[in-house]
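Report on the structure given below.
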Amino acid sequence: MSPHRKKREKEYPSSRYVKDIKSADVWSVFKIIADFVQGFDELGDLGPSVTIFGSARLDENHPYYNKAMLLSGMLAERGYNIITGGGPGIMEAANRGAYEHENIESIGLNIELSQEQQPNPYITKGRSFDYFFSRKVMLVKYSMAYVIFPGGFGTLDEMFEALTLIQTRKVWGVRLFLVGTEFYAPLIQFLRDKMLQEGMINEADMKLITLTDDIQFVIEEIEKSLVSQMETLEKEGLHDTKYYKILSSYFENRPICDRSDI
């Protein structure tokens, strides 16, 4: 080897993490701000939207994949935008179910990872994020309901983040559904037997979770939630706000639908 030729440093899985630590904090702040600004810009004018969470590791032959695709298609048909983490598995299924429906967005908010997480091809509006925390804000901020299918660590992280926001009323009027009664029943039992019994949470907190396999029920409850949110905004004198007008657009785009029908 030539004495003037610099030896190439070997790249390890931790290399990017170490480089981030070494980089100046101010540049990290700029990257964080960029994540938020781009997300707000892309999603700020959405109409009624539902976020669907779930495993990235299930293929199209899995029953949960097909159920997620069916649910998102039914929601999209009713005028709801669908938001996912933008990757494969349940996220792909949810985007796929919404993709063919006009006048709604099939949104994918991807995270840059070294493996596993590549954007799926069924996205009409998408963004990639450097940071999980900024991505999670976008996944929950613009949705009126969260539907959580079976998944791994990331899915559970998103589920408990959403529950914490609802419990502490940092988000308001949002429903949370767990789809997969067999999968989630042991977790619900743990919440009851340990967290509830030992006073870590109360019975009202348990009622924040709706566990079901009935996707028609999920849709009906989401529709009721939309009406309830709008009625509360009207009572509070907020019918001239941008958010109220965005929600109202849902009914304007469905002239055959009346609030009394829901």
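The values are calculated or read from the model by the stated rules, or taken from the named source; none is laboratory data. What you are looking at is a predicted structure, and each value in this text was computed from that prediction instead of being measured. We place every Cβ from the backbone using ideal geometry, glycine too, and count neighbours over all the protein chains shown. Just so you know, the surface numbers come from the protein's heavy atoms only, side chains and all, with ligands and any DNA or RNA stripped out. Shrake-Rupley method; radii C 1.70, N 1.55, O 1.52, S 1.80 Å.
A few comments on the model shown:
- Boolean, Ser72 is modelled with pLDDT of 95 or more, open to solvent by less than 60 Å² (accessible area, probe 1.4 Å) and in a loop (DSSP other than H, G, I, E, B): no
- Among (1) part of a loop (DSSP other than H, G, I, E, B); (2) open to solvent by less than 10 Å² (accessible area, probe 1.4 Å), the one test that Leu176 misses: (1)
- Some residue of the stretch 209-221 being hydroxyl-bearing (Ser, Thr, Tyr), surrounded by 11 or more Cβ atoms within 10 Å (Cβ to Cβ) and in a helix (DSSP H, G or I): no
- Verdict on Leu46 being modelled with pLDDT of 95 or more and either part of a loop (DSSP other than H, G, I, E, B) or of a type in the set (A, V, I, L, M) (or both): no
- Residue in the stretch 108-126 that is out of contact with any Asp or Glu (no Cβ under 8 Å at 6 or more places or on another chain), surrounded by fewer than 20 Cβ atoms within 10 Å (Cβ to Cβ) and among the hydroxyl-bearing types (Ser, Thr, Tyr) present: yes
- Any chance Glu60 is touching a residue at least 24 places away in the same chain (Cβ under 8 Å), buried (at least 24 other Cβ atoms within 10 Å of the Cβ) and out of contact with any His (no Cβ under 8 Å at 6 or more places or on another chain): no
- Residue match in the stretch 138-157 (condition: crowded, with 20+ Cβ neighbours inside 10 Å and basic (Lys, Arg)): no
- Against the numbered list (1) under 17 Å from Pro48 (Cα atoms); (2) touching a Leu at 6+ places or on another chain (Cβ under 8 Å); (3) of a type in the set (A, V, I, L, M, F, W, C); (4) in a helix (DSSP H, G or I), Val171 comes up short only at (4).
- Taken over the stretch 201-242, residues that are more than 20 Å from the chain's Cα centre (by Cα) and of a type in the set (Phe, Trp, Tyr) amount to 0.
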